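*Asks:* Right, I'll just put the structure down here and ask away after.
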Amino acid sequence: MKTKKFLLPESEIPTDFFNIQAIMPNKPVPILNPGTREPMKAEDLYPIFCEECARQEMDTVHEYIPIPEEVREKYAFYRCTPLVRAYGLEKALDTPAHIYFKNESVSPAGSHKLNSAIAQAYYCKQQGITNITTETGAGQWGGALSYAASMFGLDCAVYMVKVSYEQKPYRRTIMGVFGSTPIASPSMSTRAGKDIITANPTDSGSLGTAISEAIELAINTPNCKYTLGSVLNHVCLHQTVIGQEAKKQMEMAGEEPDIVIACFGGGSNFSGIAFPFMRDKILNGSKTRFIAAEPQSCPKLTRGKFEYDFGDVAGYTPLLGMYTLGHKFHPANIHAGGLRYHGSGTLVAQLMKDGYMEAMDVAQTESFKAGVLFARTEGIIPAPESCHAIAATIREAEKCKVSGEQKTILFNLSGHGFIDMGAYAQYLDGDITDYVPSDAEIQKFIADADALNK
Ligand SMILES: *Cc1c(COP(=O)(O)O)cnc(C)c1O
């Protein structure tokens, strides 16, 4: 019998987070205070984030940061996640390529997001914090954080964009079941929310508004901190448990990946699977290719510009160095909600600029076609975000078929799609469309970011 699934014992759950900042040939550009344009220090972030996360954000020195034992214990609820050889998909594609995927969908929250949620909730608890808050668009991060908060006995308030709150009630139920309070944003619980509702009582909300509300709550509530599920360096750091496990599992399988692929929203699951392998490329010149698969409708890596920009639509955050489409760029309403973000994290941006990785854009219809093929051949219905990684994998496997090369491809299955049946129903009904932003549209919003770099 051919081995399909590679699992590590609990004792092999990583003991450290891998901090790629420590070995990057060019360090990530510093976070700037938007008022003074001065680089910010970790202390400057303490009013918003817990102190350990703020320190990790800025840590360019320690290559490995020990994972607290209590966090490892919580990881053991679902880690190590399986590495799976996708024989079914290989056969359907009739490709000589060997395809593997790391299955992060087995986490209780259904995606990789729990890896950072647990770490952030733990560090808050350690600091004596009692309440945490965040925003959520589609609900995956909100669900993961709610579960992590309940693990550590923290109160969790999630500002959920009003339109999703109303259109996707099951997602708020997930948060409610895990014990948190989802609040439709804009809400009357913050100044920012009240101002928006007063100006427009029917405002349906946006991620930008939800971020402002969550940050305002964190700043004004004693013992309350804000958390984020993607983009930031410390979030990417926590996700490196994925790639560290995958490295050992690939060794068990007796192979080394020629290509590592992940879908790309703000960069956390990509960083998680890629960075531990990229270490060999930076330090030993390995030839592995790293591909970030982003939506064609929100192409920050393939068509954006590397410069400073705000992390949110309203411009409340510090200035971050990123590949950006401009913080006011409004991505088309695709089903892969987790990929609808205008920029990339700072670490990935620098690594992209320095040629350690590449990006590919994928049309929405192509992503669902790939996801359905994967479901039929491997038995897992992937999250619409993850479908982008599968589409990129299929493209590479098809190239192998043409060239006859037997490459080894590893991709990250960032989550399952069980809460996205509405999207799959539309696909099956032929109602999924593609959207390609024009150059003029992209230029218009990048011009706003250009103005911040003068
Ligand atoms: C949030 C999310 C993403 C995108 O976020 P990254 O930080 O880029 O990883 C991808 N897949 C799933 C399942 C998600 O929930």
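*Asks:* I want to confirm something. Restricting to region 308-333 and keeping residues that are buried (at least 23 other Cβ atoms within 10 Å of the Cβ), touching a Ser or Thr at 6+ places or on another chain (Cβ under 9 Å) and among the hydrophobic types (A, V, I, L, M, F, W, C), which single residue is modelled with the lowest pLDDT?
*Replies:* For region 308-333, the residue satisfying everything is Phe310.
*Asks:* Being of a type in the set (Gly, Ala, Ser) and either assigned by TED's automatic domain parsing to the domain that holds Glu90 or part of a helix (DSSP H, G or I) (or both) is the filter here, so list the residues in region 1-46 that pass it. Walk me through how you get there before you give the answer.
*Replies:* Restricting attention to region 1-46, the residues satisfying the condition of being of a type in the set (Gly, Ala, Ser) are 11, 22, 35, 42.
Result: Ser11, Ala22, Ala42.
*Asks:* Given (1) under 30 Å from Ile20 (Cβ atoms); (2) in contact with a strand residue (DSSP E or B) (Cβ under 6 Å, 6 or more places away or on another chain); (3) modelled with pLDDT of 95 or more, identify the lone condition not met by Ile183.
*Replies:* Condition (1) is where Ile183 drops out.
*Asks:* Kindly provide the set of residues from region 47-72 that are in a helix (DSSP H, G or I) and surrounded by 15 or more Cβ atoms within 10 Å (Cβ to Cβ), ordered by number. Please lay out each step first, then the result.
*Replies:* Start the filter on region 47-72 by keeping residues that are in a helix (DSSP H, G or I), which leaves 51-58, 69-72.
Glu51, Glu52, Cys53, Ala54, Arg55, Gln56, Glu57, Met58, Val71, Arg72, listed by residue number.
*Asks:* Return the pairs, sorted by first residue and then second, in which the second residue is modelled with pLDDT of 90 or more, the first residue lies in region 190-204 and is farther than 14 Å from Met160 by Cα, the beta carbons are less than 6 Å apart, and the residues are 6+ apart or on different chains.
*Replies:* So the pair list comes out as Ala192/Glu213; Ala192/Glu216; Lys194/Met188; Ile196/Pro186; Ile197/Pro186.
*Asks:* Any chance region 375-391 includes a residue that's among the polar types (S, T, N, Q), within 26 Å of Gly285 (Cβ to Cβ) and within 15 Å of the ligand (Cβ to nearest atom)? Spell out how you get there, then give the answer.
*Replies:* Here is the first cut: in region 375-391, the residues among the polar types (S, T, N, Q) are 377, 386.
Restricting the remaining residues to those that are within 26 Å of Gly285 (Cβ to Cβ) gives none.
Scanning region 375-391 turns up no residue that is among the polar types (S, T, N, Q), within 26 Å of Gly285 (Cβ to Cβ) and within 15 Å of the ligand (Cβ to nearest atom).
*Asks:* Using the structure shown, decide if Ala246 is surrounded by fewer than 21 Cβ atoms within 10 Å (Cβ to Cβ) and of a type in the set (A, V, I, L, M, F, W, C). Working first, answer last.
*Replies:* Numbers: surrounded by fewer than 21 Cβ atoms within 10 Å (Cβ to Cβ): no; of a type in the set (A, V, I, L, M, F, W, C): yes.
So Ala246 does not fit the description; no.
*Asks:* Inspect region 388-409 for any residue being without any contact (Cβ under 8 Å) to a residue 12 or more places away in the chain and among the β-branched types (Val, Ile, Thr) and give the result as yes or no. Walk me through how you get there before you give the answer.
*Replies:* As a first pass, look at region 388-409 and keep what is without any contact (Cβ under 8 Å) to a residue 12 or more places away in the chain: 399, 402-403.
From the residues that got through so far, the ones that are among the β-branched types (Val, Ile, Thr) too are 402.
Yes: one or more hits.
*Asks:* While we're on this one: Output yes when any residue across region 258-266 is over 25 Å from Ala54 (Cβ atoms) and away from the ligand (no atom under 16 Å from the Cβ), and no when none is.
*Replies:* Yes: one or more hits.
The values are calculated or read from the model by the stated rules, or taken from the named source; none is laboratory data. Computed from a prediction, not measured in an experiment: that's the story for all the values here. Note that we place each Cβ from the backbone using ideal geometry, even for glycine, and neighbour counts take in every protein chain shown.
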